[in-house]
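Have a look at this one before I ask anything.
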Amino acid sequence: MAKREGTPTSPEPKRNEEPSELLRELVAHLRQNRTQLREEWVVRITETRLLTAMTKEEIFAEATSVYDSYVEALETEAFEALQAYARNLSERIIPRGVETHEVVGIVLLLRDVLARSLFAKYQNDFKKLNRILDAYEPAANRIANTVAVGFVQERERVIRQQQEAIRELSTPVLQVRERLLILPIIGVIDPQRARQLTEQLLRGIRTNRAKVVVIDITGVAAMDVTVANHLVQTVEASRLLGATVIVTGLSPEIAQTLVTIGVDLGKMNTVGDLQGGIEQAERLLGYKVERLAEPRSA
Amino acid sequence: MSAGEIRVAINSDQDIVSARQKGRVMANELGFSSGDATLIATAISELARNIVSYARKGQITLKMLNGLNRQGIAVIASDDGPGIADIRQALRDGFSTSGSLGLGLPGVRRLMDEFDITSQPGRGTVVAVKKWRQ
Amino acid sequence: MEVPILKQGSVLIATFQAALSDADLNQLRMGLVQQVVKFRSRAVIVDVTAMDVMDSFASRTLREISHMIRLRGAETVIVGIQPEVAFAMVQLGLTLEGVATALDLEEGLAYLNEKFKTTN
């Protein structure tokens, strides 16, 4: 239990204490008793079996910085700084496998440990205890909230990053020959994926120094106007990078969509199927193309 | 920690470059990808250009946005110029048109996530656009 | 702002800087045409690798440069447009239609070589 230190509470409390004065007194108490309170908190963290992914030393190190940030947030009420700290902390501990309930858990434990030390300190002055708690509780709850939100934000950011990586892997831009890229598109494309594909392709053109790109949309059932527009923009942007685009596998439905948005199909390089598109591309690149005789069916 | 809001006076074509460079810096600070920062800088350039071309002077305000779960940037282009008589016409989007005709507002709208415009003949114009970090 | 213009045989190579103002672009347009006349160049390569933003004015200027230089019987190739810049340009509907483009200086020269070979 925390020792009562500092000036003993007077039986006759001051009548007009400002909340900020109370907070200052509270912060001073938390700083004075830092060592014991932090120790007590770490004990309770271990008892409750939180942060099991971390070693004792790591818990102690993080506990120290969390404690100090907690007290500083109480003092300065600078919650933006606390949120930035929380995201930073999360960035460190998420890869260690720490979960949301653990982070919320330890912050609530700290809140409780500190609250109990206040009960102990002001136990002889009920009125003052009430006033101190009036100042402490909203601030402490806001801290718990801020840290939890910061952690969750960071977690969501990591998940989005992983999703992005998965999306990139699932639609590779393939280099089949020197200066020739193929982008086979399969399935449903939403505008966000379309935009991502365009950016990936443009980067690929630059990296691979591609002069011809074959975009195969045989596997695409339908395209709304927005996505069709993305396709057109992809063709135009590729040209700005010096690459010619051949679109293959254009279904009659998609052709119609393109015409609807004002695309002159005569100006767009289209070939019926992927094989034909690759041959066309090779011709453009100066390769001699010879189609082998069709195998006789048995 | 830098300013959450920056105002750039737009009086000449030099200010166009200045505004978009500041926009890029702010976008980088907000953690936007390089590609998105380019989109934002390009939008700023077009909006500033409209001010110079049609109103001769005005202001671009760049604001850092702190949403509930996301961050973003707001660009507000305001001027006391002649205003736009037919906003619907100005926003008409022909997908396959080549740019550099008129105000290029449909293009600016495509570059950003949110787009808002207030304008009346004789009352100037305010265009407010936002982009959020993905 | 000074834009370096190099002469490589019958080709002029102009390297655009990052933060060119409208006034700079206007000067460049006139300057390039003068140089083409002075050196009787057959082609101009405009390298925009350093341009981090290409807006409607820059795009229009490049098209005008290409047009004016063609009137002098020379070819223009724009090289070095960055992927992100290209993406932003097409969102704005700026396609540099009618102007030849290539990935970079090396590709631009290769393109001109091909073109001059076939037209000779």
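The values are calculated or read from the model by the stated rules, or taken from the named source; none is laboratory data. Bear in mind the structure is a predicted one, so any value in this text is a computation, not a measurement. Glycine gets a Cβ as well: all are built from the backbone with ideal geometry, and neighbour counts include every protein chain shown.
Any idea how many residues of the stretch A:192-228 are among the hydroxyl-bearing types (Ser, Thr, Tyr), more than 26 Å from the chain's Cα centre (by Cα) and under 22 Å from A:ALA165 (Cα atoms)? Can you show your working first?
We begin by selecting, within the stretch A:192-228, every residue among the hydroxyl-bearing types (Ser, Thr, Tyr); these are A:198, A:207, A:218, A:226.
When the remaining residues are screened for being more than 26 Å from the chain's Cα centre (by Cα), the result is A:207, A:218, A:226.
From what is left, the residues that are under 22 Å from A:ALA165 (Cα atoms) are A:207.
Result for the stretch A:192-228: 1.
Can you pull out the residues in the stretch C:9-55 that are free of Cβ contacts under 8 Å to residues at least 12 places away in the same chain, away from chain B (no Cβ under 14 Å) and on the phi < 0 side of the Ramachandran plot?
Across the stretch C:9-55, the qualifying residues are C:MET30, C:GLN34, C:LYS38.
Checking the structure you have, find out if any residue of the stretch A:149-162 is under 23 Å from A:THR48 (Cα atoms), surrounded by 19 or more Cβ atoms within 10 Å (Cβ to Cβ), in contact (Cβ under 8 Å) with a residue 60 or more places away in the chain and within 13 Å of another protein chain (Cβ to nearest Cβ).
Within the stretch A:149-162, one or more residues are under 23 Å from A:THR48 (Cα atoms), surrounded by 19 or more Cβ atoms within 10 Å (Cβ to Cβ), in contact (Cβ under 8 Å) with a residue 60 or more places away in the chain and within 13 Å of another protein chain (Cβ to nearest Cβ).
All but one of (1) under 11 Å from the mean Cα position of the chain (by Cα); (2) of a type in the set (A, V, I, L, M); (3) not in a helix (DSSP H, G or I) hold for C:MET51; state the number of the condition that does not hold.
(1)
Rundown of residues vs (1) touching a helix residue (DSSP H, G or I) at 6+ places or on another chain (Cβ under 9 Å); (2) assigned to a loop (DSSP other than H, G, I, E, B); (3) not polar (S, T, N, Q), yes/no style:
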| site | (1), (2), (3) |
| --- | --- |
| C:ILE81 | yes, yes, yes |
| C:VAL85 | yes, no, yes |
| C:VAL90 | yes, no, yes |
| C:GLY93 | yes, yes, yes |
| C:GLU97 | yes, yes, yes |
| C:THR101 | yes, no, no |
| C:LEU109 | no, no, yes |
| C:LEU112 | no, no, yes |
| C:LYS115 | no, no, yes |
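Only residues in the stretch C:82-110 that are within 21 Å of C:ILE69 (Cα to Cα) and more than 7 Å from every other protein chain (Cβ to nearest Cβ) count as the first member; pair them with residues that are polar (S, T, N, Q) and crowded, with 23+ Cβ neighbours inside 10 Å, Cβ under 9 angstrom, at least 6 apart or cross-chain, and list the lot.
C:VAL99/C:THR76; C:ALA100/C:THR76; C:GLY108/C:THR101
Hey, does the stretch A:191-205 have a residue that's loosely packed, with under 15 Cβ neighbours inside 10 Å, in a helix (DSSP H, G or I), more than 10 Å from every other protein chain (Cβ to nearest Cβ) and touching a helix residue (DSSP H, G or I) at 6+ places or on another chain (Cβ under 9 Å)?
Yes, there is a match, as at least one residue in the stretch A:191-205 is loosely packed, with under 15 Cβ neighbours inside 10 Å, in a helix (DSSP H, G or I), more than 10 Å from every other protein chain (Cβ to nearest Cβ) and touching a helix residue (DSSP H, G or I) at 6+ places or on another chain (Cβ under 9 Å).
Which pairs have Cβ atoms under 7 Å, sit 6 or more apart or on different chains, and link a residue in the stretch B:68-85 that is closer than 16 Å to B:MET112 by Cβ to one that is assigned to a loop (DSSP other than H, G, I, E, B) and of a type in the set (A, V, I, L, M)?
These pairs meet every condition: B:GLN71/B:LEU30; B:ILE73/B:LEU30.
Further question: Please work out if A:LEU180 is buried (at least 19 other Cβ atoms within 10 Å of the Cβ), in contact (Cβ under 8 Å) with a residue 60 or more places away in the chain and assigned by TED's automatic domain parsing to the domain that holds A:LEU241.
Judged against the criteria, A:LEU180 is a match.
Just need a number here: residues in the stretch A:252-285 that are touching a residue at least 24 places away in the same chain (Cβ under 8 Å) and either away from chain B (no Cβ under 14 Å) or assigned to a helix (DSSP H, G or I) (or both).
Filtering the stretch A:252-285 down to residues touching a residue at least 24 places away in the same chain (Cβ under 8 Å) leaves A:253-254, A:257-258, A:260-261, A:263, A:268-274, A:276-278, A:280-282, A:284-285.
Adding the requirement that they be either away from chain B (no Cβ under 14 Å) or assigned to a helix (DSSP H, G or I) (or both) leaves A:253-254, A:257-258, A:260, A:269-274, A:276-278, A:280-282, A:284-285.
Going through the stretch A:252-285 one residue at a time, the tally reaches 19.
Also, I was wondering about something else. Of all residues in the stretch A:212-222, which are in a loop (DSSP other than H, G, I, E, B) and in contact with a strand residue (DSSP E or B) (Cβ under 7 Å, 6 or more places away or on another chain)?
Selection gives A:VAL220 alone.
Within the stretch C:4-48, how many residues turn out to be of a type in the set (Lys, Arg) and either in a helix (DSSP H, G or I) or surrounded by 16 or more Cβ atoms within 10 Å (Cβ to Cβ) (or both)? Talk me through it step by step, then tell me what you get.
At the first step, the residues of the stretch C:4-48 found to be of a type in the set (Lys, Arg) are C:7, C:29, C:38, C:40, C:42.
Filter again for either in a helix (DSSP H, G or I) or surrounded by 16 or more Cβ atoms within 10 Å (Cβ to Cβ) (or both), leaving C:29, C:38, C:42.
Count: 3.
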